[in-house]
Amino acid sequence: MSSSPSADRLDAIVIGSGPNGLSAAVTLARAGLSVRVYERNATIGGGLRTEELTLPGFRHDICSAVHPLAFASGFFRKFGLDRRVPFIVPTASYGNPLEGGRVAMAYLDLERTADALGVDGPAWRALLGPLVRQADAVAQFTGSALLQVPRHPLVAARFGLTALAEGGPWWDLPFRTEAPGALLAGVFAHTTLPLPSVAGAAAGLTLATYAHARGWPIPVGGSQAIADAMVADLEAHGGEVVTGTPVESLADLPDARVVVFDTHVADAARLGEDRLPAGYLRRIGRFRDGNGVFKADFALSGPVPWTNPELAETATVHLGGSRREVARAENEVAAGRESDPPYVLLSQPSLFDASRAPAGKHVLWAYTHVPRGSTVDRTEAIIRRIEHFAPGFRDLIIGTSTMTAVQMEQHNPNYIGGDISAGSPDFGQLVARPVLSSDPWRMPGRGLYLASASVAPGPGVHGLGGYYAARSALRHEFGVTRMPDLAPGPGQTFTPSGPSLIPDAILPPTPREP
């Protein structure tokens, strides 16, 4: 990795080193092109960075922590991510504590989950079972531009009907008890959209499908390990990364046939304004950002003392209570108000990965949703919410690091107003992201391509935006129609060891072209 650029001609420049920027760079370099990535920060990774935010020895994921798409993404499966980075797959993908010490758990094992739901087990099995059995087809459909013809139309139709059923005011009809609705609401709320909504249900159903198909894995050592593996492959194929170099103008860059933006679409439009037609710029100007997040990281002297110890089986906990309570909290934020009590998304990876904290200590990662552009400190609201389900939590805190929504944007300009999705993921902006097109990655300016979460398939650590942008650039700029092999080469894989790594039963099969 270099620290300063040279002024030679390149085949491709990538602006931004998040997962999509790196996937674009890897794909282009694997095709034999000269590629350079420019990153404004001193370290690479974007949403994949891991740092000691609180105290020495406590390694916190700055943005993404748990990776439901790591085994589902067509790019990561081609890249062989599971063979380059060790992952741990908890026996439960996520859990929701409920009042009275009760808990709802989404186990990796669909049947175990259904059995634990009692009278609602058959309804859970009927809702998710067909999607879990077709998880690869679900990944293909949800991981592409919605204007493209799905490879598995019957699966796409079933998925769409299920999203409609779970995205309206009738969303509780299949269930007789509180637990299954709470499980679904907790995962639907990842989107920061009002609930119920079809887009929230679609995103949540995708994650819930992967929860039972392959689990929600966590990378050993932190999310930075994913970025490091991608940079290692890029450099092994002649590419380079220039850090500490914000790009203020394309005129400041070396000459290149292709520029790929792993930036918010507004920044891409600003940088490429001289090459882009007025009509496209007007359409981009209508692209809307979503609400923001407040982030808190805690260094703890021990594990979170959940009232119900079953929650120790998962790295991911949704604190929101019942489905109605989760919806109320999210709809307060959608109306421009702070919610109290808030919905809180938690991850405690140190329960499974001892490398994250000193012996006996733990790290805890927490988000809550806030109105876009909020400067309100929600630390105390988060602590109170955790204390409600884990009395004594406050006494375990030995270090805290927080970021308001505005500070999230200062940390990463892609998160305008604290929106970590780089644009609201509502239904209209999932169909037209950022514009209505079967090839939205190709911008209507010479050699310009968009790869970030602002373009289809949208937010999430999947690398697909970058892979599709690179595929489009290879086809249109270089006449390359056969995609390069992305599989790891000699010395790029690790040797699995220990009982906590990926179970053989859920190793992803060799994927087809996404």
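Throughout, read-outs are computed from the coordinates displayed, never taken from laboratory work. Quick caveat: nothing in here was measured; it's all calculated off a predicted structure. Note that each Cβ is placed from the backbone with ideal geometry, even for glycine, and that neighbours are counted across all protein chains shown.
A few remarks follow.
- Axis angle, to the nearest 10 degrees, between helix 323-334 and the longest C-alpha principal axis of the chain: 40 degrees.
- Here the peptides 480-487, 83-90, 424-431 are ranked by packing, the mean other Cβ count within 10 Å, and the order with the highest first is 83-90, 424-431, 480-487.
- Burial ranking of peptide ranges 26-33, 228-235, 54-61, 121-128 (average Cβ count within 10 Å, highest at the top): 26-33, 228-235, 54-61, 121-128
- Take every pair of alpha-carbon atoms less than 8 Å apart whose residues are at least six positions apart; their mean separation over the length of the chain yields a relative contact order of 27 percent.
- Separation of the ALA335 and ARG275 label points, Cα + 7 Å toward Cβ, nm: 4.6 nm
- For the chain, the longest principal axis of the C-alpha atoms and the axis of helix 153-166 are separated by about 50°.
- Computed from the C-beta positions of HIS411 and VAL119 and an R0 of 60 Å, the FRET efficiency is 0.85 to the nearest 0.05.
- Its Cα centre serving as origin, the chain has a Cβ charge dipole (Lys and Arg +1, Asp and Glu -1) of approximately 1100 debye.
- Here each label is just a point 7 Å from Cα along the line to Cβ, and for ARG384 and ALA157 those points are 5.0 nm apart.
- Modelled FRET efficiency - R0 35 Å, ASP252 with VAL431, Cβ distances, 0.05 increments: 0.50
- Whole-Å distance, taken between Cα centres, linking region 405-420 and region 175-251: 17 Å
- Helical mean residue ellipticity (222 nm; -39500 (n - 2.57) per DSSP H run of 4+; nearest 500) of the chain: -9500 deg cm²/dmol
- For region 243-290, the pair-distance distribution built from all alpha carbon pairs, in bins 10 Å wide starting at 0, is 21, 54, 22, 3 percent.
- Its convex hull of Cα atoms gives region 291-420 a direction-averaged projected area, equal to a quarter of the hull surface, of 7.8 nm².
- Between region 423-466 and region 61-130, the Cα center-to-center distance that results, in Å: 27 Å
- Across region 273-288, coupling constants 3J(HN,Hα) worked out from phi with the 6.51/-1.76/1.60 Karplus curve, θ = phi - 60°, read 3, 5, 9, 9, x, 4, x, 5, 4, 5, 5, 5, x, 8, 5, 9 Hz, and Gly and Pro carry x.
- Percent of beta bridges antiparallel (DSSP, the chain, rounded to nearest 5): 65 percent
- Multiplying the residue separation of THR400 and ARG475 by 0.36 nm and removing their Cα-Cα distance gives an extension gain of 22.2 nm.
- Computed E for PHE494/ASN41 - FRET, C-beta separation, R0 22 angstrom, nearest 0.05: 0.25
- Cβ crowding within 10 Å ranks SER223, SER197 as SER197, SER223, fewest other Cβ atoms first.
- Inter-part distance where region 269-309 and region 23-51 are each reduced to a Cα centre, Å: 19 Å
- Inter-label distance for ALA126 and ARG288, nm, one decimal - labels placed 7 Å from Cα along Cα-to-Cβ: 3.5 nm
- Counting only Cα atoms, the size of region 351-432 along its three principal axes is 47, 27, 25 Å, in decreasing order.
- The mean sequence separation of alpha-carbon pairs under 8 Å and at least six residues apart, normalised by the residue count of region 91-215, gives a relative contact order of 31 percent.
- Region 178-322 - percent relative contact order, Cα under 8 Å, separation 6 or more: 30 percent
- For volume of the Cα convex hull per residue in Å³, the candidate list reads (i) 179; (ii) 131; (iii) 238; the entry that matches the value derived from this model is (ii).
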